[in-house]
Each structure stands twice: as structure tokens, then as C-alpha cells.
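This report refers to the structure that appears directly beneath it.
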Amino acid sequence: MADVITYREAVSEGIAREMRRDRSVVCLGEDIGAAGGVFKTTAGLFAEFGGERVWDTPISEQAIVGMAMGAAMTGIRPVAEIMFSDFLACCWDYLANEIPKMRYMTGGQVTVPLVVRTANGGGLGFGAQHSQSVENWALAVPGLKIVAPSNPSDVIGLMAAAIRSDDPVLFFEHKGLMASKGEAPPAEHLVPLGQAAVAREGGDVTVVALASTVPLALAAADRLAADGIGVEVIDLRCLVPLDMATVLASLGKTSRLLIVEENPYQGGWGGTVAAIVADEGFELLDAPVRRVASECVPLPFADALEDEVIPTTAKVIAALRTLLAY
Amino acid sequence: MADVITYREAVSEGIAREMRRDRSVVCLGEDIGAAGGVFKTTAGLFAEFGGERVWDTPISEQAIVGMAMGAAMTGIRPVAEIMFSDFLACCWDYLANEIPKMRYMTGGQVTVPLVVRTANGGGLGFGAQHSQSVENWALAVPGLKIVAPSNPSDVIGLMAAAIRSDDPVLFFEHKGLMASKGEAPPAEHLVPLGQAAVAREGGDVTVVALASTVPLALAAADRLAADGIGVEVIDLRCLVPLDMATVLASLGKTSRLLIVEENPYQGGWGGTVAAIVADEGFELLDAPVRRVASECVPLPFADALEDEVIPTTAKVIAALRTLLAY
Amino acid sequence: MTADLGVSIAPDVLLGLFEQMAVIRGTEKAAHDLFLAGLVKGTTHLAAGHEAVAVGASAALRPDDYVFATYRGHHHAMARGATPAECLGELMSKGTGLNKAKGGSMHLTKASASMLGSYAIVGAHLPIAAGAAWSARLRGTGQVAVAFFGDGATNIGAFHEALNLAAVWSLPVLFICENNLYMEYTPIGSVTAVEHPAADRAPAYRLPSQVIDGNDVVVVAQTVGLAAERARAGEGPTVIEAMTYRHFGHSRTDPATYRPDGELDEWLTRDPLDVARARLAGLGVPAEDVDAAARRAAATVADAVEAAKAAPGPDPAEAFRDVWQDGGAAWRT
Amino acid sequence: MTADLGVSIAPDVLLGLFEQMAVIRGTEKAAHDLFLAGLVKGTTHLAAGHEAVAVGASAALRPDDYVFATYRGHHHAMARGATPAECLGELMSKGTGLNKAKGGSMHLTKASASMLGSYAIVGAHLPIAAGAAWSARLRGTGQVAVAFFGDGATNIGAFHEALNLAAVWSLPVLFICENNLYMEYTPIGSVTAVEHPAADRAPAYRLPSQVIDGNDVVVVAQTVGLAAERARAGEGPTVIEAMTYRHFGHSRTDPATYRPDGELDEWLTRDPLDVARARLAGLGVPAEDVDAAARRAAATVADAVEAAKAAPGPDPAEAFRDVWQDGGAAWRT
Ligand SMILES: Cc1ncc(C[n+]2csc(CCOP(=O)(O)OP(=O)(O)O)c2C)c(N)n1
Ligand SMILES: Cc1ncc(C[n+]2csc(CCOP(=O)(O)OP(=O)(O)O)c2C)c(N)n1
Ligand SMILES: [Mg+2]
Ligand SMILES: [Mg+2]
């Protein structure tokens, strides 16, 4: 394998590593077979593993996720693709009502070890029904683990952890990051679920970010470093389990918090993080908790309008400057 | 009409008032006709308005809400019932992707004036798939107005506002409040969307509550009044529009905030409220922001277990005492 | 409807099926009474009248075949081996309940007997059952999966998606509709244009289908047996529509006033227990043997009621167990 | 497939339809070129090859009949009166765009012409169209609603729910499938057991259906006209499956390598424009009149490209308009 791979390649590589390890890992989804998926995130899997391990489905999101659930309950580890995360709405019953509750409702009799992977997020001009960041839908549902990697190495390490997890995992692959490159991790690379990464250290302010907003935060940190300001960037990696220990520890150092999330402000995960900080971290704070999130509108098509709506590096920088001036 | 009515009766009375005013108001849903609905919240409508205004549907949640949308786009004001709010997951595409985005995506060409009503919440031993508080799913989606009344008078006043609204409204009727009683409001009673009510005044601590947690908060306030503590209880009534002005004004007086919500802590609306307070209200706060929410587990069936999980008056009192002791 | 399919059932086997049905009937009646006595909370959907579908089908399946039922699923749980005491314990919120009092009446599950759950969202389990069938095929086990569902479930999207995909992939899954003529309070005929909401849709997926007498345990067993054989042979799914009737209302709060006069009485003349009795008589089984089985069933149920009543409530800590596979519920650090 | 249905179309009317199809074809080619030139962003799904379905159907409808299309909907928008300049303006993110550059290629909508939108979630608009038909019936307007959808949409739950309810309520709605043999990159035949994924499902709802030549604008117009008459007469929905083919790949990133050799060429011999030309010749319309129409169409498209290129970008404030009916986007105080 090359030393440097793209986020897109990391997805299929991450799946392939697990499929080689464990024959019970089986993929299903729309156009994921010979075509390699609409985002080419399953490229090569069909050629390597064949039609009994990589299944093309009809346009039937309920059947895709529902069947994955039934298979997961009976000895298979399915990796189901929902092409765009917006389409999770078409099978939401399985993700909200069935999969996350099965183990609990049966008093622990049944586990559902599956991964639902999906292309998430905006910035590509795909319009309001193909651009959403919908991790927050899942956050409102106890019983799902939620993963959203920001770089190729984490894609592979978290994919391994997700597929090996005996609990159901929603795995969000960000469309805007697909072409980004990073180091290819060694064999057996595994990133445990629920451990945030300190993507950059700094002493003046903490930025909590996820997936696409990690590069924005890092770019903003770079810019502020030129002014001698130390920005600590935390890449949450997962929303559940949520690594608040790392966030609160950083805040102990910086006393200032900015949360950067791509989803709309209303109902966003930043609210959950901010609420925990405003409670358990109250005494650490020297300034208001700030959030840069998307505006509370559907995502517009035109890129000029989309930029008005979603977080940008400029917005992160501006928010950091205001926060530091407090 | 009687001077005192139940919350359950208020639902059908609220709908009936609007159906009398406006012939374009039409109801559809499962078993809502002659049977009057599973919760009897449409009792009497079929008898008064007949089969051309009150339609029994098959078990087809997507068709129910999808058809309501198409009708709303073309001159009808549909009031669609989804029997239990958990089943919104079966038609989530319409509520997440279609209805809230239509007006925006078409550049204002099309409006969708509909109401989707549904029985929400737990406490009745209906188990994990019939007991959720799912307002938070909707909160993550810009473009929906979200109503959740706590008493019969508000049910009628908010129903009038919801049905007259040219924007789509999700109307959550709490199962646990159905049998509760209150004053019957006069004709033409209308409660505008987005105005919180100060359900009880007090100077020591602010409690923000919604629907089922309003009576819990009021009961806790009663108890603390005996100790000379003034608890201000704010009934949000709506999550969108969210009346933060009332919350922040109260906080200006009390400097202490407790949020009580029935949904799980993770991803709950309390996070959005807490985040706004931790930002815009930061200087008002004399103590950490606290939340009493449901535990982050599916709702268990047994009432003894359900009590462990959802907010109770005892939990609210305990949280208030800790907060006041800070 | 199909008549006898010529697969014979031995008299003693049939007597066993009769006793199983009697146990289920007795347990449903007990659940009803316990509800009225305030000892069962929440809601229940009793299956009295549907026993032959569950018992007949189970008799025709392998013990490791998977079964998926609806919120009206007590009969399926018991037919697959859940004891009346476990079921009543669950309904009565006892720590001894089948699901540790965390599921309730609508979610009875006995995974150790391959009874993989009762599902309270109409139609949701059809794709899940298809997934279990897919899994069986992937693992090469020869298992079959069976989804039982109501007539009302045939109009929801998941039904369509499951039947199509199961057909295209030729999965070993049986779709068994318990057509009891009603959804909650609305007749299925008023919301479906075809006469047989399940069977008449099968051709849309190029699937074979049969409409059968769901109150005759022998017919059910024979039909399901042949369909399971087909499925195991790789010939794909079958849709079976079993005509039956529920003796109680939809759920405990439903007096079922929407039924036309006489309809229940007419169906009571075809009570599955009486149909089985008649079959037993036809096979020469003495009435006293049948009565003895009925008495054994009654005793089983009475013991179960006592056991469930005597059982302790759930450990409060159970509320925080088993969200995750590690046994816990932690969602953050 | 049905042949000519004996409803005659006047030569000048047909020439008009030919010109409309030529305008659509030209606009689709322009969109393709503008994409390659980097002037169209995001994604587009071109309908070149499908023109006869849109134009034929529209010709058979009343101006106030409702039309609902998919993300592959440029042809429907234009057939219902959206101008090429408005459409290209939208694709090119211009303030003059049909949806003010807030919808994009997948959401073309012209409400003033009763073209009530293009929907990017497969199958979602079928219930919505049924709802518009229900509304027409409630208001007694005699309007019909038409949902156009792809072959791939026939396996999603919303299809099933919409057809059932529309049938049971006997709504004035037409379900018109544009069967172009493929979903994105996967042939429909590999995920559907019946030959005609729409038409062969109609009997499951007791609906009439027809499979027609979707490349013959006359056949489409005749078929849709008769079905619309039926619907207006209160006789309920019809399922029409129009066989056609897309000339480009699924979307701009798709080279369509999954198609067997020669398949495209074969379909190109049945290009809807050529089929219409042949029909016009048969009706005695001189070739020069047809060429003149083609030239007019080309000029219309060229003008539209220039107009769209020259148009200003959207007002940034537009991002915060029209979430709500009051024109704004405020969600809190
Ligand atoms: C998706 C969904 N919609 C509605 C309900 C409410 N509901 C529960 S049972 C029922 C009727 C089901 O009828 P049928 O499928 O015929 O089964 P039966 O109760 O007759 O056994 C309804 C509407 C539900 N549980 N799930
Ligand atoms: C619910 C849903 N699933 C998947 C997709 C992604 N998708 C877009 S177009 C398409 C293929 C649709 O095929 P078909 O219905 O035949 O229409 P065509 O593109 O051939 O016109 C798919 C899978 C989607 N938009 N919506
Ligand atoms: Mg039924
Ligand atoms: Mg197609």
C-alpha cells in the first residue's frame, strides 16, 4: 500500500482489512459491487471478495438496513451502505426504533453487531437533500455508537473498531473530505471508539471539532499561531461514546471553548457538549461557550449561498478572535 | 362546552374549532374516523364533519404524511395523525427531507401549511417503541415548527395557531397528560407559536420545562415554596420558534437555571437551551446550568424501571436543592 | 382456501399441538384477567383465536429456524418454547420475565429458542426476517426464517421492500400473514383494493402464495412444512395468508364494537381448539384423552399465574444494564 | 407495448412537440458542456433520450394538472413551461435561476405552471403526488396529478404505500414510470423479479397498467390522455410504464461503462426526435418545416445559454430567506 492514501481509499481499505480477517463481514448497498459505489468507497471489494461478500441491492433503504439487522442478530457482521446520509431518513425506523433498542428490550438476549456507513455533509453543491450532517439525528437515540473520522488514518482505525464492535455503529464518511490525503496507517491499526484526539496542542483556547470541521479548526489555529495564540484542537472522532474527559481536561488548561460543527445550530451535538461544559466545567470557564455551527436553514444549492450557511475557516477565526477578546 | 376539559378532549375540540372556521382543514390518519382515534383525540370529528373531512387510512405512515404534504401544497390544510410519535421514524423522510425544505429549495414558490399531530412521551408502560419523546429529532431539522403543549387550554390555543400557520407544524400531544384537566378556553382562543409561558413566578431559580415536565416542575416548585424558595417555571410550549428571550429574562432575575426534559440527555433540546445560555447568558449565571433529562437508555417496560429512567418530581426537587446550594 | 395437503400428522402429535394451543389460550385468558385485576400494566394484544397459526407453523419448523412476530406475539413466543410463567412474568413486570421486564407484552423474545423477537412497529420485522434468512444462506446452515404479520402490515413500505429483496435473492424466508380481517378498529377491506392483502400481492414479486384456513392447525402445519422445504431447497420465499380471527378486541382498551353483529359468534364456531378436537375425533383419539390434555393445559397455566404472581419485581439496576454488549449503558466519559 | 391508440394528433401540434423535444435535447447538451466547462457545479442528471415522455404527457394534460418529477427532471420542468434560461440559470447558480439558485438541478420547480417540483429522494414524491390528487378531489377542481419516476423507484416503500392508497381512494393520479433499464449503475432486472417493475405491480393494487413505447411522443400523449380522462371521470389511477433510455450516464461523473456494447447505439436508432421526425414525415409535414423547428430550438437554447451566463449570481441574503412563509429564517428569539 502507498504511504499516502486518500480518505476515500481509506474507506475501502479499512473495510477490506476487516473482510480479510473475518469471513463473517459482508457488505451490502446500492451500486457498491462492481461499480465500487457512487463515492468509490467500496472500490476493489467486489473484485477481491466476490458476490457472496459484496451485495448490490435495489433502492430499498429499509430492506438494506433491516436485513443488515437480521443478519447481525444471527452471526453475520454486515456493513451496510446508505449512499447519502440524508437517506437515513428513509430507514430511520431501523436506526431509531429497532437496532438501538434490541439488546436492551430483550434483556440482553440479542446483540446487533453491524455498521451502517454513509456519506455525510455538505460543501459540494448537492443541495438540501444530499448535503446534510445528520449525526445529530442519531445522537438523540441511545443505543447507537456514532463515528465520524476526519482523516484517512482514523478512517481505517475507526473502521476496524466499528466492524469489530459488538454494538451497532453509524459510520459517517464526510463527502467533503473524500479527496483529502493522509498517512496510510500500518496493518492492524485500530482506533478505539470513544477516544478523542488532540489534533493540535495549544494553551489559550480549546476548539472541539468533528470530521469536516477538524481541518477548518486546524487552519484557523495555524492562522492564529502567527499572532502567537495557542489553539488546542480536539477531534472528537465519535459522538457516542463521547470523550468529555479530553474536552474538560483541555478546558482546564485554556478556560475558553469554541465548538465547531457542520450541522445546524438547533439540535446540534455542540449543544450537548456545551451543556456538559456549562455544568461540569462551569468553574473552568473564563468566557462564554461559543459555537460555530451551520445556520438554521436547509442547505442551499449555490456554493456562494452554501458558504453563507456552513462553517468556514474565516468564521472560525472570527469566532476565536471574539472569544479571546472576551 | 364544559368549564373544565381534559387534555384529550382539548385536542379534538381544538381541531373541531378550526374545521368549523375553515373548510380546507381536513384530517387523515389511522383509526381516526368513527373510532375517534386510539387515544380518542379525534372523538366526535367524524360524526360532525363526515368522511370527506375525516379520513381513515391504511397503516402507511409515508402515505399519510406524504399525501398531507401534497395536499398542503395545493390548497388544503391537512391535519395528519401519526398514532405514536415513535412511528414518525417510519415517515421521517417527509419530515426531515421533504416538508421542511420545500419552501426554501423552491425559492419561496411553494408553502406547506400542514400539521402532523402525534402522541408523544412515556410513563405509561408502553415500552421502548411506544414511549419516546422525539421532539429532538425534529429540532435538528430547520424548517419545522415544533409545538408541545402542557395543558388543555394551550392545546386548543396552540392547535388554532398550528392549523392557521402557513408553515409546517409538528404537534406533540403527551400521552401522560391526556387525562389531565384544565380550564376550557373561550372561543377564538389562540396562543401564538413561539411564546413561552411563565407558568409560575419565582425569584430564586428558573426551571425551563416542556409538556409533561411542566407539571413536574410545578410540583417541585410547590414543594420548595414551603421552604420559602421561589421557583420560576417557564413552559416553553414550542421548541421552534424557541422563546429564549423569556428564558434569558428570567435568568436575569434568578441567575440559576435548571432544564427539565423527558427525552434522553444526549442530543436533547436542553442542550440547545443550555448552549445559548452558556453563551448569551454567561454573565447572568451564578451557578452551573443543570439538566434533569431521561437517562441515555431505551425506555424500559416495567414502571419501576421507567421511573429510574425518566424525570420525576423527586429528581427535579433534588436537582433544585443541589443547584440552590451551589 | 386450500384443504388438506395430504401430509399426515400422527394422532399423538396432534394431541400435543392441541395441548399447546390450550396452554396459549389459557395464558391469554389469564393475561386478560390479570389486566382487569390491575396486575398487568401498559398494553397487551391478545392472540386468542390465532393459536393454530403459531402452533401449526412451529410444528413444521426446525428448532433452529428463526421466528419473528408482532406485538401480538404471545402465541408465537409460547409455540417456540417460552413458558407461560416467563411470558406472564414479563407482562406483570417481574424480574423473572422473559425480557427481564424491559420489553413487555409487545416484545416477547426467546433467543435461545430462535424466537428472535416481537416487533411493535408494524411491518418492521419483515426485512429483519429476510436478513436472518440471508444470514442462514451465507452461513450455509439450512435454516429458514419466518415472519408472522397482520393483514394491516401489508400496506406499509417495509412489506414491499422485504418481499422484493427476498424474492430477488431467493432467500429461505416465509411470510405468513395472520389475516384477522381488522387492523386496530378498521377493517382491512376498507384500505386495500385486493381481496387478499398478502397473497394477492405475491405475484408482484413473482412469489408463490397460498390462502389457507388459519384456524386449522393441521392445514397450517402442512402448508408451512412444504413452504419450508421449498425454502431450504433454495427455491425462495413463499407468502402464506392464514385466515383467522381474534376473539378479544385489538388491545385491552378495545371493546371491539366496530364488528358486525354475529361475526365473532360465527368465527367462534370455527375456534381452532374445536377444529383440532374434531380432527382428533376423526383420527379416533378418545374424547377423554383430549379432555385430559385440556386439564393439563389449565394446570400449567394456573401454575404459571401463581409463579408469576410470586416472582419479585425487577432489580432497579436493570434499568442501566444491557444497552451495550459490555452489559452497561455508558455513553460518555 | 401498445401501439397507436387511435387518438389523432394534428401535424402542427406534433411539430410543436418536436420543437419542444429539440429544445430540451439542446438544453441537456448545453448543460453537459457547461458542466465540462466548470460552469455548472454539484451534480446533474440529464434526461436526453427521455424527452418524449415529458413532452407527450404534458401535451395530454391540462395546464392546471399537477406534475411531480425526479432529480432527472429538466425535461419535465421545460415541458411544463420552465424556460431553458431559467433552468440553466439554476444549474449555473444564478440569481435568475428557476429556484433562485437554492434548489439546483435536482429540484427544478415551476409552481406557477403547476410543476410542483423535482424530488431527489427516490420515490418520495409518489405519495406527495397522490396527496395533490386527493386535494384536487376534495376541492372538486377536476385536476389530475402525475408522478414521473424511474424504474429503480419501484422497489422503495413509498411506491407501495402511494399506489395502494391512491387505488383505495380512487384518486385522480397517474403513475408514470420512465423505465430506462438502469438505476445508477445497476440494471433494474437484477433487483426485480418481475419483467416490468411498475406495470407488473399494478394488479397488486387492482390498478390498470400499460407498457408503452416511451420514445414515441404520440403514443405517450395518447396513453396519458386516456388515463387522465379516466382519472378525471373518477375512475382512479393508472400505472403507465414508458420504455426509454438515457443517452448520457446516470450523472455527470458516470461514464456508463456498465452498459453492454451496442445497447446505446441500438436505442439511438429509436431516438425520440427521430421517431417524431418519422411520424411528421408520415403526416406529410415537409422536412424543411421540421428542420426550421430544429433551428428555432437551437437558437432558443443558444440564447438561453448566453442569458444564463450573463446573469448575476444570487444575492447572499437569499440564504436567509424563505424558510418560513413570512419570508425569513428566524427560529428563536
Ligand atoms: C408503523 C406503525 N403504525 C401504526 C401502528 C399502530 N398499530 C399497532 S397494531 C395496528 C394494527 C395492525 O393490524 P394488523 O397488521 O392486521 O395486525 P393485528 O393487530 O390484526 O394482529 C396498528 C395500526 C404501529 N404499531 N406501527
Ligand atoms: C432513497 C434514495 N436512495 C438512493 C438514492 C440515490 N440514487 C439517486 S438516482 C438513483 C437511481 C434511480 O434509478 P431510477 O429510479 O431508475 O431513475 P433514473 O435515474 O434511471 O432516471 C439512486 C439509487 C436516492 N436519491 N434516494
Ligand atoms: Mg389484523
Ligand atoms: Mg432508471
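What follows is calculated from the coordinates using simple rules that are stated; it is not laboratory data. Here the structure is a predicted model, which means the values were calculated and not measured. Using ideal geometry, Cβ is built from the backbone for each residue, glycine included, and neighbour counts are taken over all protein chains shown.
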Would you please put B:220-226, B:149-155, A:41-47, C:9-15 in order of how densely packed they are, using the mean number of other Cβ atoms within 10 angstrom per residue and starting with the highest? B:149-155, A:41-47, B:220-226, C:9-15
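Calculate the mean, over all residues of peptide C:313-319, of how many other protein chain Cβ atoms lie within 10 angstrom of the residue's Cβ.
Values: counts 4, 7, 2, 5, 2, 8, 12.
That works out to 6 on average.
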Measure of compaction for the protein assembly as shown (Cα Rg per 2.2 N^0.38 Å): 0.90
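Using the Kirkwood formula over every pair of different C-alpha atoms, what hydrodynamic radius in Å results for chain B?
Numbers: mean 1/r = 0.0501 Å⁻¹.
Taking every pair of different Cα atoms in chain B, averaging 1/r and inverting gives 20.0 Å.
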Tell me the relative contact order for chain B as a rounded percent, counting alpha carbon contacts under 8 Å between residues six or more apart. 16
Fraction in percent of alpha-carbon pairs per bin - 10 Å, segment B:279-326: 23, 39, 26, 11, 1
Rg(Cα) of segment D:28-155 divided by 2.2 N^0.38 Å? 1.04
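Where the eigenvalues come from the Cα gyration tensor of segment B:5-94, what are the semi-axes √(5λ) of the equivalent ellipsoid, largest first, in whole Å?
On the way: eigenvalues 77, 52, 25 Å².
They are 20, 16, 11 Å, listed largest first.
Sort C:Ser251, D:Ser112 so that the residue with the fewest other Cβ atoms within 10 Å of its own Cβ comes first and the one with the most comes last.
Numbers: C:Ser251 18, D:Ser112 10.
Ranked by crowding around the Cβ, least crowded first: D:Ser112, C:Ser251.
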Across 5 Å bins from 0, what is the distribution of all Cα-Cα pair distances for segment D:33-92, in whole percents? 4, 17, 27, 25, 15, 7, 4, 1
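Report the per residue volume, in Å³, of the convex hull enclosing the C-alpha atoms of segment B:173-302.
Details: hull volume 17.9 nm³, N = 130.
Spelled out: Cα convex hull of segment B:173-302, divided by residues, is 138 Å³.
Ranked highest first by the average count of other Cβ atoms within 10 Å around their residues, in what order do D:38-48, B:194-204 fall? Each step should come with its number before you reach the end.
Numbers: D:38-48: 21.4, B:194-204: 17.4.
Peptide ranking by packing, descending: D:38-48, B:194-204.
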Hey, what does the equivalent ellipsoid look like for segment B:4-183, semi-axes from the Cα gyration tensor as sqrt of 5 times each eigenvalue, largest first, whole Å? 23, 19, 15
Take every DSSP beta bridge whose two residues both sit in segment B:4-183, then give the antiparallel share in percent to the nearest 5. 10
From the backbone phi of segment C:317-333, what are the Karplus-calculated ³J(HN,Hα) couplings (6.51 cos²θ - 1.76 cosθ + 1.60, θ = phi - 60°) in whole Hz, Gly and Pro given as x? 5, 4, 4, 10, 10, 6, 6, 10, 5, 6, x, x, 9, 6, 10, 8, 9
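Pairs on different chains or at least eight residues apart, Cα atoms closer than 17 Å: how many lysine pairs in segment C:11-307 fit? The partial results should precede the final answer.
Numbers: C:Lys29/C:Lys41; C:Lys41/C:Lys94; C:Lys41/C:Lys100; C:Lys41/C:Lys102; C:Lys94/C:Lys102; C:Lys94/C:Lys110; C:Lys100/C:Lys110; C:Lys102/C:Lys110.
Eligible lysine pairs with Cα atoms under 17 Å apart amount to 8.
Other chains near B:110-122: what is the mean number of their Cβ atoms within 10 Å of each residue's Cβ?
Numbers: counts 4, 4, 2, 1, 1, 0, 0, 0, 0, 0, 0, 0, 0.
Rounded to a whole number, the mean comes out at 1.
Taking neighbour counts of Cβ atoms within 10 Å as a proxy for exposure, in what order, fewest first, do A:Met83, A:Met244 appear?
Details: A:Met83 23, A:Met244 20.
Ascending number of Cβ neighbours within 10 Å: A:Met244, A:Met83.
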Computed over segment D:209-333, the distribution of all Cα-Cα distances in 5 Å bins, rounded to whole %, is 2, 8, 9, 10, 12, 13, 13, 13, 11, 6, 3, 1, 0, 0
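For peptide B:276-288, compute the average count of partner chain beta-carbon atoms within 10 Å of each residue's beta-carbon. Numbers along the way, then the final one.
On the way: counts 7, 5, 14, 8, 1, 2, 7, 1, 0, 4, 0, 2, 9.
Average per residue, whole number: 5.
Evaluate the relative contact order of segment B:32-80 (contact order divided by residue number), counting alpha-carbon pairs under 8 angstrom at least 6 apart; express in whole percent.
On the way: 39 pairs, mean separation 11.8, N = 49.
Relative contact order comes out at 24 percent.
Given segment D:76-134, what whole percent of its Cα pairs are spread farther than 18 Å?
Values: 554 of 1711 pairs.
When all Cα pairs of segment D:76-134 are counted, 32 percent exceed 18 Å.
Given 20 °C and 1.002 mPa s, compute D for chain C with the Stokes-Einstein relation, Rh being the Kirkwood radius over Cα pairs; round to the nearest whole µm²/s. Can you show the working numbers first?
Details: Rh = 20.2 Å.
This corresponds to a translational diffusion coefficient of 106 µm²/s.
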Neighbouring Cβ atoms within 10 Å as the yardstick, rank D:Val219, C:Val55 fewest first. D:Val219, C:Val55
Relative contact order for segment B:4-183: what percent, with Cα pairs under 8 Å and sequence separation of 6 or more? 27
Expressed in Å to one decimal, the Kirkwood Rh of segment A:59-145 from all distinct alpha-carbon pairs is 13.4
